[in-house]
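The structure appears right after this line, and notes come after that.
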Amino acid sequence: MAVSVSEPSAVETLADLRVDIDRIDASMHELLMERGRIIDRLIAIKARQGGGSAFRPAREAAMMRALAERHCGLLPLDTVESIWRIIISTFTFVQSNYQVHVDMSHGDAPMRDSARFHFGFTVP
């Protein structure tokens, strides 16, 4: 997918761009909160139906593949993937608390960093 970047207009200012960035940031935050409200409803439906899996590896993998396929621009794909890993793992944790157990026999810092890379800071 190609995205064209327009040249800055002669009258556009840094303040204008900062207003746009603030608007986008607020929209992203609102969308995350909306996602949380949907997860609340999902939890309620699963409870009425007797439960269900919070983690759907095939679904998450398909979503990440689609994200990678449509990605473009100068924001590194690794960054986007990392953000989504945190979103997925956090909302999975909200649905059903889980813990990540890490083999620390090869050193604490590298294994801890690997776990945080995949699961973020929310999941114990």
Looking only at the range 2-21, decide whether some residue is assigned to a helix (DSSP H, G or I) and touching a residue at least 12 places away in the same chain (Cβ under 8 Å).
no
Among the residues that make up the range 95-106, is at least one of them assigned to a helix (DSSP H, G or I) and touching a helix residue (DSSP H, G or I) at 6+ places or on another chain (Cβ under 6 Å)?
yes
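Matching residues to (1) open to solvent by less than 80 Å² (accessible area, probe 1.4 Å); (2) at pLDDT 90 or above; (3) closer than 14 Å to SER96 by Cα:
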| residue | (1), (2), (3) |
| --- | --- |
| ASP22 | no, yes, no |
| MET28 | no, yes, no |
| LEU31 | no, yes, no |
| ILE39 | yes, yes, yes |
| ALA47 | yes, no, yes |
| ARG59 | no, yes, no |
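Among the residues of the range 9-62, write down those that are of a type outside the set (Gly, Ala, Ser) and more than 24 Å from ILE88 (Cβ to Cβ).
Keep residues of the range 9-62 that are of a type outside the set (Gly, Ala, Ser), which gives 11-14, 16-25, 28-35, 37-43, 45-46, 48-49, 55-57, 59-60.
Scanning the range 9-62 gives VAL11, GLU12, THR13, LEU14, ASP16, LEU17, ARG18, VAL19, ASP20, ILE21, ASP22, ARG23.
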Residues (under 17 Å from PHE55 (Cα atoms), hydrophobic (A, V, I, L, M, F, W, C) and either in contact (Cβ under 8 Å) with a residue 24 or more places away in the chain or open to solvent by 50 Å² or more (accessible area, probe 1.4 Å) (or both)) located in the range 84-121:
TRP84, ILE86, ILE87, ILE88, PHE91, PHE93, VAL94, VAL100, PHE119
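The values are calculated or read from the model by the stated rules, or taken from the named source; none is laboratory data. What you are looking at is a predicted structure, and each value in this text was computed from that prediction instead of being measured. No Cβ is skipped: glycine too gets one built from the backbone with ideal geometry, and neighbour counts run over all protein chains shown. Heavy atoms of the whole protein, side chains included, go into the accessibility calculation; ligands, DNA and RNA do not. Shrake-Rupley method; radii C 1.70, N 1.55, O 1.52, S 1.80 Å.
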